[in-house]
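K.L.:
Before I ask anything, let me first share the structure, which is written out below as structure tokens.
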Amino acid sequence: MGVIGVFGCKNAAELIYYGLHALQHRGQEGCGICTTDSTDFHRERGEGLVIEIFNKKKLSKLKGDCAIGHVRYSSGNMGGLDNVQPFLFKHHTGDFSMAHNGNLVNSRQLRMALEAQGSIFHTSSDTEILAHLMKMNRRKDRIDAIEEALTMIEGAYAFLILTKDKLYVCRDKNGLRPVSIGKINGGYIVSSETCAFEAVGATFLRDVEPGEMVIFEKDKDPKTILFAGEYSYKMCAMELVYFARPDSEIEGINVHTFRKNSGKYLARLAPVEADLVIGVPDSSISGAIGYAEESGIPYEIGLIKNKYIGRTFIQPSQELREKGVRLKLSPVRSLITGKRVVLLDDSIVRGTTSKHIVRMLKEAGAKEVHVRICCPPMHHPCFYGVDTSTYDELISAQFDVEGVRKMIEADSLFYLPEEYLLKAANRPDLCLACYSGKYPTHLYQSKGEFNIEHKF
Ligand code: AMP
Ligand code: SF4
């Protein structure tokens, strides 16, 4: 999922619209924009791509110089228009809109406690919980209410909260989900990824820190509040490995450079005699370039991805599939035939993609296929908003490396170890929980473990 906000700029909705296009890779199921003109809120949202949901007429209705936007893919929550963000809440103390990237780990406990106290939820999304917590709080001051609500939620989040005169941007205390601040046309822009800044001509200022809330208010400098007593720098490793666009800079590292470094380490740790190096488009191209550069084996574009196949793509029938009808990804047969190929991929989740690609390359005549993965094996589920939430889904939770190699029919298989992933990112720490099982937060697996009564 991706969030974006603009504060104090003319045509805020247009800027968000272009920014959402740049964040489209983070979610294709739904998107929305909510603006405020200081008096009212205006919102448009829908299920589909940014290009499908918005047009000139809709954008012209989104008046105001402050706005937030969201792109969505469902991660555990139900789909449907009700769950498409930004959400808009009506309340006698002041309406507000919210957008969230991430997942709360204590949502079930909080939801049960809030419902027991009379809350009625409109969606199955975690995001609504923060809104209820803010309003359960009897203190008058909104900043205090948000701050206190933030201390009660646990998990991964970049929250944007838009009121008629302010924009609040909050990041969880472990910094699991990234969010950056930029400057544009005398105002400010915030985004899950800096690639959105490039798209609208904004300049990067800084990242929001773990456990920080930044408040934008008209004619004032942004204010910052550190709401978490303890904080750490545990950004999600998969942001760098898979989610983010290569042109984004996250916490001081360019995503392409990180991936290229990963490929270089793989070449040093797992060299192999081969004729060419290829990467699975799009996220593994940088890794393949790094492997090729370090090993001296030529890099080739051996796989072509059709960029125009969307959600509504009709899968070929079994008969056509057997005939080799492949529209999403195709091998460049003349390059591959008779060659020993090193194949870089960012990660293996279920293993179906790798198996499919190895087979495809062999059918195209590859003599050998050596698979190199740009992260460690995923042994554990993620509870922080990434769509791998059960052990059953993970091939590495069932098989060791040799077992996976056999399953995907590769001639050899090597994963980048944790310490080299950190080296590639040039930082001491990241969240590596899906590889190591060391979760940076409590997981609140058992019912009723969380008691919010004392807070009110
Ligand atoms: P598979 O092993 O077939 O489940 O798919 C692995 C591929 O899915 C990887 O090469 C990534 O490109 C992509 N991927 C990695 N993590 C995720 C995720 N959390 N959600 C969706 N796709 C992912
Ligand atoms: Fe990212 Fe894995 Fe941590 Fe989830 S568990 S936040 S996917 S590094």
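Quick note: the coordinates plus some simple rules give every number you see, no bench work behind them. Keep in mind that this is a model prediction, so the values were computed, not measured. So basically every Cβ, Gly included, is an ideal-geometry build from the backbone, and we count neighbours across all protein chains shown.
K.L.:
I want the antiparallel fraction of DSSP beta bridges within the stretch 254-436, as a percent rounded to 5. Each step should come with its number before you reach the end.
P.N.:
On the way: 3 of 18 bridges.
Within the stretch 254-436, antiparallel bridges account for around 15 percent of the total.
K.L.:
OK, next. Do the alpha carbons of any pairs in Lys10/Lys220; Lys135/Lys164; Lys57/Lys328; Lys173/Lys218 sit beyond 21 Å of each other, and which pairs?
P.N.:
On the way: Lys10/Lys220 17 Å; Lys135/Lys164 16 Å; Lys57/Lys328 33 Å; Lys173/Lys218 27 Å.
Flagged as over cut-off: Lys57/Lys328; Lys173/Lys218.
K.L.:
Quick query: amide H of Met378 versus all other amide H atoms, modeled in the peptide plane; which residues come in under 5 Å with a sequence gap of 5 or more or a different chain?
P.N.:
Amide H neighbours of Met378, under 5 Å, 5+ apart: Ile348, Ser396.
K.L.:
Can you list residues whose amide H is under 5 Å from Leu276's amide H, if they're 5+ apart or on another chain and H is modeled 1.01 Å from N?
P.N.:
Arg340, Val342
K.L.:
About its Cα centre, how strong a charge dipole does the chain have in debye, to the nearest 20, once Lys and Arg get +1 and Asp and Glu get -1 at the Cβ?
P.N.:
Values: 57 positive and 57 negative charges, 176 e Å.
About 840 debye.
K.L.:
What ratio of Cα Rg to 2.2 N^0.38 Å holds for the stretch 46-124?
P.N.:
On the way: Rg = 15.0 Å, N = 79, 2.2 N^0.38 = 11.6 Å.
Taking N as the residue count of the stretch 46-124, the ratio is 1.30.
K.L.:
Any idea what the relative contact order of the chain is, in percent, if you count C-alpha pairs under 8 Å spaced at least 6 apart? Walk me through the numbers before you get to the answer.
P.N.:
Details: 1040 pairs, mean separation 61.3, N = 456.
Relative contact order for the chain comes out at 13 percent.
K.L.:
Inverting the mean 1/r over all pairs of different Cα atoms, compute the Kirkwood radius of the chain and quote it in Å.
P.N.:
Details: mean 1/r = 0.0433 Å⁻¹.
It works out to 23.1 Å.
K.L.:
Give the long-range amide H neighbours of Asn106: residues separated by 5 or more places, or on another chain, with amide H under 5 Å away, using H modelled in the peptide plane at 1.01 Å from N.
P.N.:
Under 5 Å from the amide H of Asn106: Glu154.
K.L.:
Now a separate question. Which value at 222 nm does the chain reach when only helices count, each DSSP H run of 4 or more adding -39,500 (n - 2.57), with the total divided by all residues and rounded to the nearest 500 deg cm²/dmol?
P.N.:
Working: 16 runs with 129 residues, N = 456.
Rounded to the nearest 500, the figure is -7500 deg cm²/dmol.
K.L.:
Related question: Between the DSSP loop rule and a limit of at most 13 other Cβ atoms within 10 Å, which trypsin sites (Lys or Arg not before Pro) in the stretch 61-106 are left?
P.N.:
On the way: sites: Lys61, Lys63, Arg72, Lys90; in loops: Lys63, Lys90.
Counting only loop positions with at most 13 other Cβ atoms within 10 Å, the trypsin sites (Lys or Arg not before Pro) in the stretch 61-106 are Lys90.
K.L.:
Hey, another quick one. Which distance in Å, rounded to a whole number, links the C-alpha centroids of the stretch 213-239 and the stretch 254-281?
P.N.:
Answer, in whole Å: 34.
K.L.:
Let me ask something else. Any chance you could check the Cα centroid distance between the stretch 55-117 and the stretch 345-380 for me, in angstrom?
P.N.:
Value for the Cα centre distance between the two parts: 37 Å.
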